[in-house]
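J.: One structure, pasted below without further comment.
The values are calculated or read from the model by the stated rules, or taken from the named source; none is laboratory data. All of these numbers come straight from a predicted model, not from anything done at the bench. Note: ideal-geometry Cβ built from the backbone for every residue, glycine included; neighbour counts use all protein chains shown. In case anyone asks, the SASA skips ligands and DNA or RNA and just uses the protein heavy atoms, side chains included. Shrake-Rupley method; radii C 1.70, N 1.55, O 1.52, S 1.80 Å.
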Amino acid sequence: RSPQLMYRQNVLLRRHALGNFGDLLHGIARDPAMVIYLDSASNRTGQPNENFAREVMELFTLGEGNYTERDVKEAARAFTGWCVDPDRGEFVFRPRAHDDGVKTVLGRTGNFDGDAVLGILLAQPQTAELVAAKLWREFVSPDPDPGEVRRIARVLRDSGYEIRPALHALLTSDAFYAPENRAVLVKSPVELVVGTLRQFRFTTGEPLPFVLGVAALGQNLFAPPNVKGWPGGETWINSTTLLGRKAFLDRLFRVEEMRAMMAEGGGAEPPAVAARMPEGRQRFLQALLEVQFDGTQWLSQFDGRPQQIARVVLASAPVSEPPPGTQGIELIRHLVLDPAYQLK
């Protein structure tokens, strides 16, 4: 419920995105938004709260089935005393709330604190494999290849959990370029909206309405449905969101027509129908009117070769081939409204 803490968490994720996964894991364990979200703030000696210990094993490191209930209970004791200063919104360690007794986690015994437990989790081969599988699902396909995942996981572990070498191994693999792995991933709402604005070099005014548009498509920024995040993949697409995606793209590539219609109708005042719309909807439409797209300039890089345009815009052949003679902005509209544009 704190925009400030969610923003700071996002900064943390960006800072470590291409850095070291171990640093990211230690950082997110102390992140105030995470501490609050997974009840670490109420985790104290004598009354351990197991939420963070369970999720850090299941979702962020080992994966389900690679730990026991006792491991969770013992790890929870190690994280006692990890709290947030309510006035400053910063992580604090409270020694009096910490259980300094001996714990046994994944077969290792000692007077562990939370950092020591995270080190034990990073030492497990399953952690590198879980991270490698997540990278695969993000960049290659929904179904990771077990052998390739193990190979990339070895690269990750051998580098001391540096993410760049693992990504290099993934993005230079044959699987990444394999035809069967093209157009098998669905663009998230953020990828669809921001990716379209960037790929076609749009200029925009107020960004908030685009945030509202992304939320309408199922991805409310900084507010994932749970600590695991959005499920992604095919869940992004249903009868409502698919129509919403196409409606957004259609409006986006008709901003010049909308602007001309408003000018013919007398200029600044929106139509009566728009005036009765909710404020957020009005702001969304107004932002679309501020969008600038130079279709002629964008198309000039292709020297009038429509097949090359389709290869750049779509991850696969269009479901519906453009009618013969389609060119210019009409060709772009046809391609972005094709179902294949929803894929990557």
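J.: So which residues in region 84-97 are surrounded by fewer than 20 Cβ atoms within 10 Å (Cβ to Cβ) and either under 21 Å from residue 25 (Cβ atoms) or in contact with a helix residue (DSSP H, G or I) (Cβ under 8 Å, 6 or more places away or on another chain) (or both), if there are any at all?
T.: 89, 90, 91, 92, 93
J.: In the set 290, 279, which member is free of Cβ contacts under 8 Å to residues at least 12 places away in the same chain and either among the β-branched types (Val, Ile, Thr) or open to solvent by 60 Å² or more (accessible area, probe 1.4 Å) (or both)? Don't jump to the end; show me each part of the working.
T.: Working: 290 fails: free of Cβ contacts under 8 Å to residues at least 12 places away in the same chain.
Just one listed residue meets the conditions, 279.
J.: Separate question: Report yes if residue 20 is of a type outside the set (A, V, I, L, M, F, W, C), open to solvent by less than 60 Å² (accessible area, probe 1.4 Å) and over 28 Å from residue 157 (Cβ atoms), otherwise no. Step through it out loud before you land on a result.
T.: Numbers: of a type outside the set (A, V, I, L, M, F, W, C): yes; open to solvent by less than 60 Å² (accessible area, probe 1.4 Å): yes; over 28 Å from residue 157 (Cβ atoms): no.
Considered against the rule, which asks whether it is of a type outside the set (A, V, I, L, M, F, W, C), open to solvent by less than 60 Å² (accessible area, probe 1.4 Å) and over 28 Å from residue 157 (Cβ atoms), residue 20 comes out as no.
J.: Restricting attention to region 98-108, does a residue exist that is crowded, with 19+ Cβ neighbours inside 10 Å and among the small types (Gly, Ala, Ser)?
T.: No, that holds for no residue.
J.: Please verify whether residue 72 is open to solvent by less than 10 Å² (accessible area, probe 1.4 Å) and either at pLDDT 95 or above or among the charged types (D, E, K, R) (or both), treating the condition exactly as stated. Step through it out loud before you land on a result.
T.: Values: open to solvent by less than 10 Å² (accessible area, probe 1.4 Å): yes; either at pLDDT 95 or above or among the charged types (D, E, K, R) (or both): yes.
Criteria met by residue 72.
J.: Within the group 242, 314, 335, which residue is at pLDDT 85 or above and surrounded by fewer than 16 Cβ atoms within 10 Å (Cβ to Cβ)? Even if it seems obvious, please write down each step before you answer.
T.: On the way: 314 fails: surrounded by fewer than 16 Cβ atoms within 10 Å (Cβ to Cβ); 335 fails: surrounded by fewer than 16 Cβ atoms within 10 Å (Cβ to Cβ).
Going through 242, 314, 335 in turn, just one is at pLDDT 85 or above and surrounded by fewer than 16 Cβ atoms within 10 Å (Cβ to Cβ): 242.
J.: Within region 232-247, can you find the residues that are part of a helix (DSSP H, G or I) and within 20 Å of the chain's Cα centre (by Cα)?
T.: Residues of region 232-247 that are part of a helix (DSSP H, G or I), as a first pass: 233-236, 239-247.
233, 234, 235, 236, 241, 242, 244, 245, listed by residue number.
J.: Only helices (runs of 4 or more DSSP H) wholly contained in region 279-344 count here; list those with 3 or more residues that are under 30 Å from residue 208 (Cβ atoms).
T.: Working: elements: 279-290, 295-299, 306-313, 328-336.
Fully inside region 279-344 and qualifying: 279-290, 295-299, 328-336.
J.: Residue by residue through region 300-330, note down the ones that are within 30 Å of the chain's Cα centre (by Cα) and not hydroxyl-bearing (Ser, Thr, Tyr).
T.: Narrowing region 300-330 to residues within 30 Å of the chain's Cα centre (by Cα): 308-320.
Answer for region 300-330, where residues must be within 30 Å of the chain's Cα centre (by Cα) and not hydroxyl-bearing (Ser, Thr, Tyr): 308, 309, 310, 311, 312, 313, 314, 315, 317, 318, 319.
J.: For region 61-89: of the residues being in contact (Cβ under 8 Å) with a residue 40 or more places away in the chain and under 13 Å from residue 117 (Cβ atoms), which is nearest to the chain's Cα centre (by Cα)?
T.: 61
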